[in-house]
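Asker: Attaching a single structure in structure tokens format; questions to follow.
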Amino acid sequence: MAIESSCDETACAVVKDGVYEISHILTTSSNLHEETGGVIPEIAARKQVEFIVPVISKCLNATKDALGLTSFEEVAKTIDAIAVTKGPGLAGSLIVGIEAAKTLAMAWQKPLIPVNHLMGHVYATFIKTNNDNGIQDTSEIFPAVALVVSGGHTDLILMRGHNNIEYLGGTLDDAAGEAFDKTARLLGLSNYLGGVLLSKKATEFQGYKPELKLPRPLINQANLDFSFSGLKTAVKRAVEQNKYSTTEIAFEFEEAVVEVLIKKSIKALIQTKAKTFIMAGGVSANTKLRDQMKTHIEKTCPEVTSYFSPTNLCGDNAVYIASRAFFQTQGGSLDTECNYASIRPEPSLGIDGV
Ligand code: KG4
Ligand code: ZN
């Protein structure tokens, strides 16, 4: 069973063998942040406090029904361990999930597994869904390059094993999702989490090629880093020029981000000779990114197998936290004497931090 509470989503899930979703309950306070144009940490944390017990209790009920059990006691017996997001994220939000997980783990005498949220995103690709069977042989995928592209992070890593992770590069300033959100706000499309709306707007562009040319930051540099804040400034200038339509700016912005993400991912695959590519995180739900990434990898690195997060698991959720917990403890023993007190929120945890 896993609990996720790193930002404005409160979620609880039960996953079997690291890949089969048994139950998942998720709620969010994002509507409140739409009003304020961004997350106010205290409000997000207060909502976590309000939501956490009902979400866990609904998840226990859903698990009971899914497994044909008759009581919460029986559900507790079937659970091997409790996993929880320890970071990165908002301290006040993280602490709510962590304290709830500790309480359950102590009451049920289960091991407690702290999970890195960013590594969690990667394991969304391991989940078997109706449309997609996910990764077939989970031990055969390494070495793998993973791109985690979310609202707060844009990271490229090399995975030689579940717990053998090397940081390859990441954003030096804004994350790709953050750039999408800020651009959506500049274009008057949405106050908060405007990535989807911006992408929708881009599809309305009728021209063959936009007249507007936005920069592709760091695209030709040998390193695997990204920078998206200059792109956002260039959009601001384009808006001020009053010369380009919203659809044209949206189209060219999306083109620029997608092009940079693809070029750097392929560079990482070539440099590391990885046999697998994994893409996850909120922005990986973007259709153009998924389609073009697939096409370019097939063309440039035909020996590489690509796995993208199922679209319903791109955003924050507890399913991938459970999956990551399963694989991160594989081969190791689950210590029931686990030192719960040592598990604390780590708001600034990096993707390669354990
Ligand atoms: O992974 P996520 O849910 O949260 C973090 O852990 O940060 O990612 C949310 C981000 C937001 O910036 C949102 O605008 C972006 O993912 N996003 C998209 C799309 N769907 C979500 N960006 C571009 N195109 C999309 N279709
Ligand atoms: Zn996330």
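Asker: Tell me, yes or no, whether the range 25-39 has at least one residue that is touching a residue at least 60 places away in the same chain (Cβ under 8 Å), within 16 Å of ligand 2 (Cβ to nearest atom), closer than 30 Å to Thr183 by Cβ and in a strand (DSSP E or B).
Answerer: Yes, the range 25-39 contains a residue that is touching a residue at least 60 places away in the same chain (Cβ under 8 Å), within 16 Å of ligand 2 (Cβ to nearest atom), closer than 30 Å to Thr183 by Cβ and in a strand (DSSP E or B).
Asker: Could you please find all residues in the range 87-106 being out of contact with any helix residue (DSSP H, G or I) (no Cβ under 8 Å at 6 or more places or on another chain) and open to solvent by 20 Å² or more (accessible area, probe 1.4 Å)? Working first, answer last.
Answerer: Step one: filter the range 87-106 for residues out of contact with any helix residue (DSSP H, G or I) (no Cβ under 8 Å at 6 or more places or on another chain), giving 94, 98-99, 101, 103.
Result: Glu99, Thr103.
Asker: Separate question: Of (1) within 16 Å of ligand 2 (Cβ to nearest atom); (2) under 14 Å from Leu156 (Cα atoms), Ile270 satisfies all except one. Which?
Answerer: Exception for Ile270: condition (1).
Asker: Considering each residue of the range 1-52, count those that are within 16 Å of ligand 1 (Cβ to nearest atom) and among the acidic types (Asp, Glu), and give that number.
Answerer: Summing the residues that are within 16 Å of ligand 1 (Cβ to nearest atom) and among the acidic types (Asp, Glu) in the range 1-52 gives 4.
Asker: Are there any pairs, at least 6 apart or on different chains, whose C-beta atoms fall under 8 Å, with the first in the range 103-130 and over 12 Å from Ile278 (Cα atoms) and of a type in the set (S, T, N, Q) and the second more than 12 Å from ligand 1 (Cβ to nearest atom) and assigned to a strand (DSSP E or B), and if so, which?
Answerer: Filtered contacts from the range 103-130: Asn116/Lys86; Thr129/Glu21.
Asker: For the range 157-210, which positions are open to solvent by 70 Å² or more (accessible area, probe 1.4 Å), among the aromatic types (Phe, Trp, Tyr) and within 27 Å of Glu248 (Cα to Cα)?
Answerer: The answer is Tyr208, and nothing else.
Asker: Follow-up. Against the condition assigned to a helix (DSSP H, G or I), at pLDDT below 95 and open to solvent by 10 Å² or more (accessible area, probe 1.4 Å), how does Ala322 come out, does it pass? Explain how you work it out, then say what you get.
Answerer: Numbers: assigned to a helix (DSSP H, G or I): yes; at pLDDT below 95: no; open to solvent by 10 Å² or more (accessible area, probe 1.4 Å): yes.
Here the answer is no, as Ala322 does not meet what is asked.
Asker: Report, by residue number, each residue of the range 144-171 that is in a loop (DSSP other than H, G, I, E, B), under 24 Å from Ile219 (Cα atoms) and not hydroxyl-bearing (Ser, Thr, Tyr).
Answerer: Correct list: Gly151, Gly152, His153.
Asker: Give Val145, Val149 a once-over and let me know the one that is within 10 Å of ligand 1 (Cβ to nearest atom), open to solvent by less than 30 Å² (accessible area, probe 1.4 Å), at pLDDT 95 or above and out of contact with any Pro (no Cβ under 9 Å at 6 or more places or on another chain).
Answerer: Val149
Asker: Scan (1) surrounded by 15 or more Cβ atoms within 10 Å (Cβ to Cβ); (2) within 24 Å of Ser5 (Cα to Cα); (3) of a type outside the set (S, T, N, Q); (4) away from ligand 2 (no atom under 16 Å from the Cβ) for the single condition Arg344 breaks and write down its number.
Answerer: Condition (1) is where Arg344 drops out.
Asker: Another question about this same structure. Just for the range 274-308: of the residues that are in contact (Cβ under 8 Å) with a residue 60 or more places away in the chain and in a loop (DSSP other than H, G, I, E, B), which one is nearest to ligand 2 (Cβ to nearest atom)?
Answerer: Here the residue is Gly281.
Asker: Could you please find all residues in the range 220-279 being surrounded by 20 or more Cβ atoms within 10 Å (Cβ to Cβ) and of a type in the set (S, T, N, Q)?
Answerer: Hit for the range 220-279 is Ser265, nothing else.
Asker: Asn116 fails exactly one of the following numbered conditions: (1) at pLDDT below 95; (2) within 16 Å of ligand 2 (Cβ to nearest atom). What is the number of that condition?
Answerer: So Asn116 meets the others, but not (1).
The values are calculated or read from the model by the stated rules, or taken from the named source; none is laboratory data. No experiment lies behind these values; they were computed from the predicted model shown. No Cβ is skipped: glycine too gets one built from the backbone with ideal geometry, and neighbour counts run over all protein chains shown. Please note that ligands, DNA and RNA were not included when accessible areas were found on the heavy atoms of the full protein model with its side chains. Shrake-Rupley method; radii C 1.70, N 1.55, O 1.52, S 1.80 Å.
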